[in-house]
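First the structure, in the form of structure tokens, and then the observations on it.
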Amino acid sequence: MPRGPEKPDAGKSAAMASQPRRDTAVEVNVRRELHRRGLRYRLQQRIVPGAPRRSVDIVFPRARIVVDCRACWWHACPNHATLPARNRTWWASKLESNSARDADTEHRLTAAGWAVVVVWEHDDPGRAAERIADYVATRS
């Protein structure tokens, strides 16, 4: 009987579970730059319509702007996406589902009137914060 993609071994599974879901380096660096520019925001808000378990990284409630900070590897960055050699099929499926969830979250938020700004791990935090600050100023 054919088997599906193999799951990672217990050690790899534990390593995946220990990955931070909040306060990642990209998120902290962007927050620091936003704060330096005098912007105040909320963190880890569960505002995704129809998906109560999903949270967003940075939220500007009055301007209705959400900032999604994404790690290049985990979210299959269009510039830096790679696949590991081991369990390639499983990882391809996993990363594809992450990207599909990101797209669904963006769709749900934009349909509800939120603007979504995506900041990738490889983006310069200062430039990203400047872009976000300009956007907040136009929507406030």
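Every number in this text was worked out from the coordinates using simple rules, so none of it is lab data. What you see is a predicted model; the values in this text were computed from it and never measured. No Cβ is skipped: glycine too gets one built from the backbone with ideal geometry, and neighbour counts run over all protein chains shown.
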Cysteines not pairable in the chain (beta carbon separation under 4.7 Å absent): C69
For the range 80-138: rounded, prolate or oblate by the Cα gyration tensor [a/c cutoff 1.5]: oblate
Relative contact order (%) - the chain, alpha-carbon pairs under 8 angstrom, separation at least six: 28 percent
Cα centre as origin, Lys/Arg/Asp/Glu Cβ charges: the range 38-87 dipole, Debye: 220 debye
Cα centroid of the range 26-57 to Cα centroid of the range 75-90, whole Å: 26 Å
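State to the nearest 20 debye the size of the charge dipole of the chain about its Cα centre, where the only charges are +1 on K and R beta carbons and -1 on D and E beta carbons. Display every interim value, and only then the final one.
On the way: 25 positive and 16 negative charges, 94 e Å.
The calculated dipole for the chain is roughly 460 debye.
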Given charges at Cβ of Lys, Arg, Asp, Glu: the chain dipole, positive-most of V117, H80, V59: V59
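So if a site counts as exposed when it's one of the chymotrypsin sites (Phe, Trp or Tyr not before Pro), its DSSP state isn't H, G, I, E or B, and it has at most 16 other Cβ atoms within 10 Å, what's the longest stretch of the chain without one?
Numbers: sites that count: W73, W74.
Between exposed loop sites, the widest span is 1-72.
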Correct choice for Cα extents along the principal axes in Å that was computed from the model, options (1) 69, 46, 31; (2) 58, 30, 25; (3) 49, 29, 26: (2)
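Among DSSP beta bridges lying fully in the chain, give the percent that are antiparallel, nearest 5. List each step's numbers first, then the result.
Working: 6 of 12 bridges.
Roughly 50 percent of the DSSP beta bridges within the chain come out antiparallel.
Starting from the Cα-Cα distance between A111 and L83, subtract it from 0.36 nm times their residue separation and give me the gain in nm to one decimal.
Values: separation 28, 0.36 × 28 = 10.08 nm, distance 3.21 nm.
Gain on stretching A111 to L83: 6.9 nm.
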